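> Structure incoming, see below.
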Amino acid sequence: MKHDSHPDILNRLKRANGHLQKIISMIEAERSCIELAQQLQAVESAITNAKRKLIQDHIDHCLEHVAGDSEVAHKAALDEFKQIAKYL
């Protein structure tokens with residue numbers, strides 16, 4: 001299923017990947033630990049935000065569609081929500 005948020009998430013992850021490549025270069029250049037920690041925090045934050053956006057999109061679009069469906073569909077959607085919620 002194609003999601004409207006995926007291009008944004010992809011851009012966030014590409015940016016994080018670029019940051020990560022820069023951090024590798026910084027380590028090889030023996031940059032200070034403070035600079036490295038700051039950049040690692042930026043990568044971690046970018047990935048966390050991408051994950052949150054993906055999960056929120058999933059909740060908004062993939063689970064919402066079962067509102068008028070059968071009891072079996074409701075249970076399946078709830079089970080799916082429980083699975084993805086552990087990544088929050």
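The numbers here are math on the coordinates, done by the rules we state, and not lab data. Not measured: the values here are computed from a predicted model. When we count neighbours, we look across all protein chains shown, and the Cβ atoms used for this are built from the backbone with ideal geometry, even at glycine.
> Let me have the relative contact order for segment 6-85, percent, based on Cα pairs under 8 Å that are six or more residues apart.
Over segment 6-85, the number comes to 31 percent.
> Rounded if a/c is under 1.5, else prolate if a/b beats b/c, else oblate: with a ≥ b ≥ c from the C-alpha gyration tensor eigenvalues square-rooted, which is segment 6-85?
prolate
> Among 55, 23, 34, determine the one that fluctuates most according to a GNM of the chain built with springs between C-alpha atoms less than 10 Å apart.
34
> Same structure again: Quick one: angle between helix 6-28 and the longest Cα principal axis of the chain, in degrees between 0 and 90, rounded to 10, please.
Between the helix axis and the principal axis of the chain, the angle is about 20 degrees.
> So, one more: Would you compute, from DSSP H runs of 4+ residues alone, the mean residue ellipticity of the chain at 222 nm, taking -39500 (n - 2.57) per run and dividing by the full residue count, rounded to the nearest 500?
Values: 3 runs with 63 residues, N = 88.
Estimated from H runs of four or more residues: -25000 deg cm²/dmol.
> Which of the GluC sites (Glu not before Pro) found in segment 6-88 are in a DSSP loop and have at most 11 neighbouring Cβ atoms, other than their own, within 10 Å? Write out the running numbers ahead of the final one.
Working: sites: 28, 30, 35, 44, 64, 71, 80; in loops: 30.
Passing both the DSSP loop test and the Cβ count: 30.
> Could you pull out every one of the lysines with an alpha carbon less than 24 Å from that of residue 82, ignoring same-chain neighbours closer than 8 positions?
Filter leaves 2, 51, 53.
> Which aspartates and glutamates, on any chain, are close to residue 75 with Cα under 19 Å apart, when same-chain ones fewer than 8 places away are left out?
Of all the aspartates and glutamates, those that pass the test against residue 75 - Cα under 19 Å, at least 8 places apart if same chain - are 60, 64.
> Let me ask something else about it. May I ask for the longest run of the chain untouched by trypsin sites (Lys or Arg not before Pro) that are loop-located per DSSP and have at most 16 neighbouring C-beta atoms (other than their own) within 10 Å?
In the chain, the maximal stretch lacking such sites is 32-85.
> Now a separate question. Using only Cα atoms and rounding to the nearest 10 degrees, what angle (0 to 90) does helix 71-85 make with the longest principal axis of the chain?
Approximately 10 degrees, to the nearest 10.
> Taking the 0 to 90 degree range and rounding to the nearest ten, how far is the long axis of helix 33-57 tilted relative to the main principal axis of the chain, both from C-alpha atoms?
10
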